[in-house]
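One structure is given here, and the rest of the page talks about it.
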Amino acid sequence: MAKEKKAIIETIPRSMRDAETHYCAGCGHGIVHRLVCEVVDELGIRDKTIAVAPVGCAVLAYDYWDFDVTEAAHGRTPAVATGIKRVRPNNIVFTYQGDGDLAAIGTAEIIHAANRGENITVIFVNNGVYGMTGGQMAPTTLAGQKTATTLSGRNLRREGYPIKILEMLAVLPGVKYLERVSVHSAQDVLRAKRAIKKSFKTQVDNKGFSMIEVLSMCPTYWGLTPIQSVDRIKGEMSNYYPIGVVKSY
């Protein structure tokens, strides 16, 4: 058992703590957490990286990342990151946000941080629901999707259309790099890592604002098994939110 434990620890990125996860089975957050840590290690920026954690499922990100992490009020993550980056321009600052945090209460903050061309990185995890508070409809919930507040499915006439954040931000001149990825397959996980790495590199090279949107599974509040959730991203979610580069310098 001791040898097995040692082998497991040796496979953990240096930037990731050896901690038991609190996420539901099949959730994509843990995958994205690890990808961020691998990228931070490979770029050699661990000692100067500062993350800003959100309110939502990822609020305990600081339990998993072994670098500096602070916390922001719900939706204010880009504002906090802006302040940190401006007073500590040599640090690498990134936010980690869900769809409720970024696309609902934080809409103003993300739009204006992007419009100013703040030299920060944003990791945006889109699972289409409010996961922390009971599975209510989020701005990114798909048409017809059943949630705790849309029991018969999202009605476009009543609740409006799901928001495509990347496409909205793409028109802003301060935005330098936007890409949408997923973590529903091994191939997509590798693609997500490359995108996250380029996003951090954008900041390292002082290019300006960048964001990676990650389509992620939420079996618990989708009412699906983990395997069914993977299939849903492949067959439904990625049809509305196309995977690929939206804007690049």
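The table below gives the values:
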{"item": "Among the candidates V214, V246, V181, residue that is in contact with a Phe, Trp or Tyr (Cβ under 8 Å, 6 or more places away or on another chain), touching a residue at least 40 places away in the same chain (Cβ under 8 Å), within 30 Å of R86 (Cα to Cα) and surrounded by 14 or more Cβ atoms within 10 Å (Cβ to Cβ)", "result": "V214"}
{"item": "Where D18 falls short, out of the listed (1) surrounded by 16 or more Cβ atoms within 10 Å (Cβ to Cβ); (2) free of Cβ contacts under 8 Å to residues at least 24 places away in the same chain", "result": "(1)"}
{"item": "Helices (runs of 4 or more DSSP H) wholly inside the stretch 1-120 that include at least 3 residues being more than 23 Å from G174 (Cβ to Cβ)", "result": "2-11, 29-43"}
{"item": "Scope the stretch 157-192; condition in contact with a helix residue (DSSP H, G or I) (Cβ under 7 Å, 6 or more places away or on another chain) and farther than 23 Å from G235 by Cβ; matching residues", "result": "L169, L172, G174, V175, K176, Y177, L178"}
{"item": "Extreme residue, farthest from S229 (Cα to Cα), among residues of the stretch 165-192 that are under 13 Å from the mean Cα position of the chain (by Cα) and outside any helix (DSSP H, G or I)", "result": "L178"}
{"item": "Residue satisfying condition, being among the basic types (K, R) and over 21 Å from F94 (Cβ atoms), within set R232, R191", "result": "R232"}
{"item": "From R116, R76, R88, residue being at pLDDT 95 or above, out of contact with any His (no Cβ under 8 Å at 6 or more places or on another chain), surrounded by fewer than 22 Cβ atoms within 10 Å (Cβ to Cβ) and farther than 20 Å from T49 by Cα", "result": "R116"}
{"item": "Residues (of a type in the set (S, T, Y) and either out of contact with any strand residue (DSSP E or B) (no Cβ under 7 Å at 6 or more places or on another chain) or under 19 Å from A195 (Cβ atoms) (or both)) located in the stretch 99-140", "result": "T107, T121, T133, T140"}
{"item": "Any hit, the stretch 137-156, residues being touching a helix residue (DSSP H, G or I) at 6+ places or on another chain (Cβ under 6 Å), closer than 20 Å to I233 by Cα, not in a helix (DSSP H, G or I) and not hydrophobic (A, V, I, L, M, F, W, C)", "result": "yes"}
{"item": "Any hit, the stretch 205-214, residues being closer than 23 Å to C57 by Cα and aromatic (F, W, Y)", "result": "no"}
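The values are calculated or read from the model by the stated rules, or taken from the named source; none is laboratory data. All of these numbers come straight from a predicted model, not from anything done at the bench. Neighbour counts run over all protein chains shown; Cβ positions are idealised from the backbone, glycine included.
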